Structure formats: structure tokens, C-alpha cells
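Chemist: Below you'll find the structure I mean.
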Protein chains: 2
Amino acid sequence: MKLPIALSNRHVHLSQADIEALFGAGHELTHFKPLSQPGQFACDEKIDLVGPKGTIKGVRVLGPARPSTQVEISLADGFALGVKAPVRQSGDVAGSPGVKLVGPAGEVELAEGVIVASRHIHMSLEDAANFGVEDKQIVSVRTFGPRAVVFENVLVRANEAFALEMHVDVEEGNAAGVKNGEEVELIK
Amino acid sequence: MKLPIALSNRHVHLSQADIEALFGAGHELTHFKPLSQPGQFACDEKIDLVGPKGTIKGVRVLGPARPSTQVEISLADGFALGVKAPVRQSGDVAGSPGVKLVGPAGEVELAEGVIVASRHIHMSLEDAANFGVEDKQIVSVRTFGPRAVVFENVLVRANEAFALEMHVDVEEGNAAGVKNGEEVELIK
């Protein structure tokens with residue numbers, strides 16, 4: 001029941017309209033490096049987040065473009081920005097706060113879409129069968145070492161396009177003292 | 001088996017010699033507010049930490065003065081400073097890295113003393129008897145809510161001078177989604 005863990009740093013997914021507002025008309029995201037999930041990639045593009053209490057500079061854009069813009073930050077980032085971001089699964093942004101996005105070619109006043117990503121496990125349907133779990137099942141995950149923790153309320157996301165990996169944010173990863181690629185244990 | 005949790009932000013304990021080097025000859029720490037542990041207090045004084053990769057400004061000094069200077073940061077702070085701070089119990093600083101401390105009246109090149117404080121529970125001897133645990137025992141602690149976790153490897157520190165409270169750093173607290181004073185559960 002072992003799988004690798006990965007720490008997601010703060011990042012932004014952008015709609016094509018917002019890409020063009022921030023980086024210029026007709027702009028397309030450039031590949032910096034592939035991510036573990038097939039088709040996803042880190043971009044060369046970075047933007048600044050400007051909230052009522054502070055600014056976070058140089059936040060990485062992840063591609064490809066999405067139907068709507070979403071900002072994923074940590075709770076600490078939310079305090080620094082002055083934005084009360086809820087812990088949510090990706091895509092569940094209804095009623096979440098906005099923030100100002102600042103790029104080299106312009107700004108976007110995002111009305112909503114700032115969340116703290118809820119921890120989850122990506123896996124293929126074959127992985128799910130091997131683990132004996134189903135898409136949307138809630139499981140726990142144990143980490144190892146001096147800062148060992150058991151994360152409860154971990155969502156399984158099983159899809160034929162997914163590669164096996166647990167995603168936590170940087171605060172969760174550091175709290176557990178784990179590094180990218182380290183093995184953790186799924187507990188049903 | 002319930003007790004309150006508290007999140008410790010980055011802070012510095014200073015020796016009297018370093019207080020005077022940073023704030024001027026004869027300087028004594030000023031009380032800003034009392035902390036939960038009897039006799040401990042947050043000071044008005046703040047300093048900057050300067051590491052090989054970055055600076056963290058405005059780090060709060062905690063009083064009273066101690067025999068030796070100790071800097072307590074998060075793993076994320078360590079990355080930002082470029083300092084590889086080990087996870088250690090307070091006072092266990094042998095072989096830990098140093099950092100430059102900058103105050104309004106001078107600087108101190110600290111040779112060692114930068115740690116990430118290991119999570120622990122302060123309690124009185126009476127609390128220890130009530131919980132059925134002993135000083136230096138290792139226990140687990142469960143938190144509640146959407147980001148519920150079980151922290152393993154939690155050190156009990158039982159002393160007649162201590163007030164009942166679990167201490168975690170900000171990353172651990174945010175990873176669990178807990179706030180200061182929230183109740184958590186000791187698990188033997």
C-alpha cells in the first residue's frame with residue numbers, strides 16, 4: 001500500500017483570456033518542465049498575487065490553459081495576502097475569495113478562485129483496483145520519519161489518465177518532514 | 001485526554017551578551033505580552049535573520065534572556081534563508097547551523113543554534129498523572145476538522161512549572177488546519 005508523495009508549491013492555473021490579459025494578446029504558455037500528471041506542465045511564466053495585506057511575487061503558472069482561472073496557495077500565503085482561502089478540492093471554487101493577478105502585460109482582478117488545495121491521491125483505475133479503493137473514497141495516509149504523521153480525510157481521485165501520487169501543499173509536506181518522491185502508506 | 005494546541009511562529013531566544021550586541025550595552029528586554037508558559041514573554045524587540053540565500057525581517061525576540069542564543073524557524077524559513085536547520089528539541093543545538101542576527105545596534109554571527117523546534121507537550125506533574133504519562137514519554141496527538149491529522153513522535157515535557165499546552169510550528173498547525181487554543185487529543 002505504498003505510493004510516492006509530492007509537495008505542491010503555490011501556483012496558478014489560467015484561462016486563455018487571463019493568459020492574454022496578463023502576458024499579451026495571442027500569448028501561449030511556454031513549457032518549462034513536465035509535471036507528474038500526464039499532459040500537465042510547469043510554465044516559464046510567473047505572475048504576482050496582490051492581496052489587501054500583501055504581495056507574493058513570482059508565482060509559477062501551470063499549463064495547459066483551463067476553462068477558468070484558479071490560484072492555489074497555502075494557509076500561510078493566505079495570511080500574508082490577507083485572503084481567507086478555503087481548503088477545497090481543485091475546481092470547487094464557488095464562494096472562494098479573489099485576488100489581483102499582475103503579469104508583465106496587464107492585470108486581472110480575479111473575483112473568485114483562490115483556494116488551499118485539499119490533499120488527495122491521483123491514481124489510475126488499475127492502481128485503484130490494486131489498492132482496493134474507489135474514485136472519491138476518503139482514506140488516510142501515514143508518513144515516516146521523525147515528523148511522522150497520519151493525514152486523515154485524503155480524497156482518492158482515480159482516473160485512467162492519472163499517475164500514482166499523493167499531493168499535499170508545502171506546509172503539509174514540511175509538517176511531515178517529507179520530500180518529493182518519498183514513499184507514504186495508504187490506510188483504508 | 002484533551003488539551004489545547006498553540007502554533008509557535010519563528011522566534012529567537014537571546015543570551016544577555018547577544019541582547020547587548022544587538023540592542024546596545026546594558027539593554028534589557030521589554031515585555032510585549034506574556035506567553036502561556038509561566039515566566040516566558042514576547043518582547044517588543046525584533047531582529048533580522050540573514051542567511052546565505054535570504055533574509056527574514058522582524059523576527060520576534062522571546063524573553064527572558066537565556067544562557068545561550070537559539071533561533072527557532074520553520075523548514076520553509078530554512079529554505080528561504082539557505083540554512084539546513086534540523087528538527088530538534090529546544091536546547092539541543094549541537095552541530096546545528098548558525099545565521100547572522102541583525103539588530104538596531106549591531107550584528108551577531110551566530111555559530112550554531114538554528115533549529116526547527118520538535119513538537120512537544122508542556123504539562124504540569126499533576127497533568128502528567130491525570131493523563132497517565134511521564135516526562136520524556138513519546139505520545140501521539142490527534143487533531144480534528146477537515147485537515148485532521150495524527151502527529152506521531154510527540155514529546156511529553158512534564159515539569160511543575162509548565163502549563164498544559166501542545167506546541168507545534170506554524171507549518172504543522174496550518175497542515176492540521178488548527179488555530180491557537182483549539183483542543184486536540186493525546187493518544188498513548
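Chemist: Filtering the stretch A:22-48 down to residues that are farther than 26 Å from A:I5 by Cβ, in a loop (DSSP other than H, G, I, E, B) and in contact (Cβ under 8 Å) with a residue 60 or more places away in the chain, which residue is farthest from the chain's Cα centre (by Cα)?
Modeler: Result: A:G24.
Chemist: If A:E134 passes every condition in (1) away from every other protein chain (no Cβ under 14 Å); (2) touching a helix residue (DSSP H, G or I) at 6+ places or on another chain (Cβ under 9 Å); (3) open to solvent by less than 20 Å² (accessible area, probe 1.4 Å) but one, which one does it miss?
Modeler: Every listed condition holds for A:E134 apart from (3).
Chemist: Take the stretch A:46-76 and flag every residue that is in contact with a Leu (Cβ under 8 Å, 6 or more places away or on another chain), of a type outside the set (A, V, I, L, M) and under 22 Å from A:H167 (Cα atoms).
Modeler: A:G63, A:P64, A:R66, A:T69 - these are the residues of the stretch A:46-76 that are in contact with a Leu (Cβ under 8 Å, 6 or more places away or on another chain), of a type outside the set (A, V, I, L, M) and under 22 Å from A:H167 (Cα atoms).
Chemist: Exactly one of (1) within 14 Å of chain A (Cβ to nearest Cβ); (2) of a type outside the set (V, I, T); (3) in contact (Cβ under 8 Å) with a residue 24 or more places away in the chain; (4) open to solvent by 10 Å² or more (accessible area, probe 1.4 Å) is unmet by B:P52. Its number?
Modeler: Against the list (1) within 14 Å of chain A (Cβ to nearest Cβ); (2) of a type outside the set (V, I, T); (3) in contact (Cβ under 8 Å) with a residue 24 or more places away in the chain; (4) open to solvent by 10 Å² or more (accessible area, probe 1.4 Å), B:P52 comes up short only on (1).
Chemist: Residues of the stretch B:68-85 being more than 9 Å from every other protein chain (Cβ to nearest Cβ) and assigned to a loop (DSSP other than H, G, I, E, B), which ones?
Modeler: B:S68, B:T69, B:I73, B:G82, B:V83, B:K84, B:A85
Chemist: Can I ask one more? Does the stretch A:86-114 hold any residues that are farther than 20 Å from A:E172 by Cα and either free of Cβ contacts under 8 Å to residues at least 12 places away in the same chain or part of a strand (DSSP E or B) (or both), and which are they?
Modeler: A:V99, A:K100, A:L101, A:V102, A:E107, A:V108, A:E109, A:L110
Chemist: Now, a different point. Evaluate the following for B:V141: is it touching a residue at least 12 places away in the same chain (Cβ under 8 Å), in contact with a Ser or Thr (Cβ under 7 Å, 6 or more places away or on another chain), closer than 18 Å to B:E171 by Cβ and part of a strand (DSSP E or B)?
Modeler: Numbers: touching a residue at least 12 places away in the same chain (Cβ under 8 Å): yes; in contact with a Ser or Thr (Cβ under 7 Å, 6 or more places away or on another chain): no; closer than 18 Å to B:E171 by Cβ: yes; part of a strand (DSSP E or B): yes.
It is false that B:V141 is touching a residue at least 12 places away in the same chain (Cβ under 8 Å), in contact with a Ser or Thr (Cβ under 7 Å, 6 or more places away or on another chain), closer than 18 Å to B:E171 by Cβ and part of a strand (DSSP E or B).
Chemist: Then there's this: For a quick check of your reading of the model, give me the residue pairs whose first member lies in the stretch A:168-188 and is touching a residue at least 12 places away in the same chain (Cβ under 8 Å) and closer than 14 Å to B:V170 by Cβ, whose second is part of a loop (DSSP other than H, G, I, E, B) and open to solvent by 40 Å² or more (accessible area, probe 1.4 Å), with beta-carbon atoms closer than 6 Å and at least 6 apart or on different chains.
Modeler: Partner pairs satisfying both residue conditions: A:V170/A:N9.
Chemist: Output the residues belonging to the stretch A:148-158 that are within 14 Å of chain B (Cβ to nearest Cβ) and open to solvent by 10 Å² or more (accessible area, probe 1.4 Å).
Modeler: A:V150, A:E152, A:N153, A:L155
Chemist: Another question about this same structure. Scan A:V156, A:V133 and give me the residue that is part of a strand (DSSP E or B) and among the β-branched types (V, I, T).
Modeler: Details: A:V133 fails: part of a strand (DSSP E or B).
Result of the check over A:V156, A:V133: A:V156.
Chemist: Okay, moving on. Return only the number of the condition from (1) open to solvent by 30 Å² or more (accessible area, probe 1.4 Å); (2) at pLDDT 95 or above; (3) more than 29 Å from A:S140 (Cα to Cα) that B:S90 does not satisfy.
Modeler: (2)
Chemist: Another one. Within the stretch B:105-126, can one find any residue that is of a type in the set (G, A, S), closer than 30 Å to A:L155 by Cβ and within 13 Å of another protein chain (Cβ to nearest Cβ)? Quick ask: steps written out before the conclusion?
Modeler: Quick first cut of the stretch B:105-126, residues of a type in the set (G, A, S) only: B:105-106, B:111, B:113, B:117-118, B:124.
Next cut, closer than 30 Å to A:L155 by Cβ only: B:118.
Cutting the leftovers down to within 13 Å of another protein chain (Cβ to nearest Cβ) gives us B:118.
For the stretch B:105-126, residues of a type in the set (G, A, S), closer than 30 Å to A:L155 by Cβ and within 13 Å of another protein chain (Cβ to nearest Cβ): present.
Chemist: On to the next question. For residues in the stretch A:159-188 being assigned to a loop (DSSP other than H, G, I, E, B) and open to solvent by less than 40 Å² (accessible area, probe 1.4 Å), which is nearest to B:N153 (Cα to Cα)?
Modeler: Initial filter on the stretch A:159-188 (assigned to a loop (DSSP other than H, G, I, E, B)): A:159-164, A:177-182, A:188.
Filter once more, so that each one left must be open to solvent by less than 40 Å² (accessible area, probe 1.4 Å): A:163, A:177-178.
On the way: A:A163: 31, A:G177: 12, A:V178: 15 Å.
Filtering first and then ranking leaves A:G177.
The values are calculated or read from the model by the stated rules, or taken from the named source; none is laboratory data. Predicted, not measured: the structure shown is a model, and the values here were computed from it. Positions of Cβ are backbone-derived with ideal geometry, glycine not excepted, and every protein chain shown enters the neighbour counts. SASA here: full protein model, heavy atoms, side chains in, ligands and nucleic acids out. Shrake-Rupley method; radii C 1.70, N 1.55, O 1.52, S 1.80 Å.
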